[in-house]
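As structure tokens, the structure follows; a few thoughts come after it.
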């Protein structure tokens, strides 16, 4: 289970709205002082996000409580693979098909771009289906 700390913003029936800051791995990186990525990650991590999480254990929480939420590691890996690998795969498949038929380079680039867009659409459609499944939703684990 991947866990993250958050603050309760509001409580609904069966769900809790939490507020969590985006975190970055840059704080632990040894090259953080000489990396240009650090400024971008600091800007992004300063943004707070609100998220609705399920409360299957019916843990009693109030606004302002510190809680720990989690998501199944396997589900996280599957979702990450879907988001990152599917568009790249469809892009490469489009380019490979044109290459096999000895098409010109500009056609290969165009078809690769279309394949990338198709991959994004497939991710959007698949993610809508997956978000209804409980294992792909973060859950309230405990108060901290």
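The values are calculated or read from the model by the stated rules, or taken from the named source; none is laboratory data. From a predicted model like this one, the values you see are computed outputs, not experimental measurements. Positions of Cβ are backbone-derived with ideal geometry, glycine not excepted, and every protein chain shown enters the neighbour counts.
A few points about this structure:
- Checked against the criterion of being in contact with a helix residue (DSSP H, G or I) (Cβ under 8 Å, 6 or more places away or on another chain), at pLDDT below 95 and surrounded by 14 or more Cβ atoms within 10 Å (Cβ to Cβ), the candidates 116, 82 yield just one match: 82.
- Taking each residue of segment 5-19 that is more than 12 Å from residue 49 (Cβ to Cβ) and looking for partners that are at pLDDT below 85 and in a loop (DSSP other than H, G, I, E, B) with beta-carbon atoms closer than 7 Å, six or more apart or interchain, yields 5/144; 14/55; 15/55; 16/55.
- Lone unmet requirement of (1) modelled with pLDDT of 85 or more; (2) exposed (fewer than 14 other Cβ atoms within 10 Å of the Cβ); (3) touching a helix residue (DSSP H, G or I) at 6+ places or on another chain (Cβ under 6 Å) for residue 2: (1)
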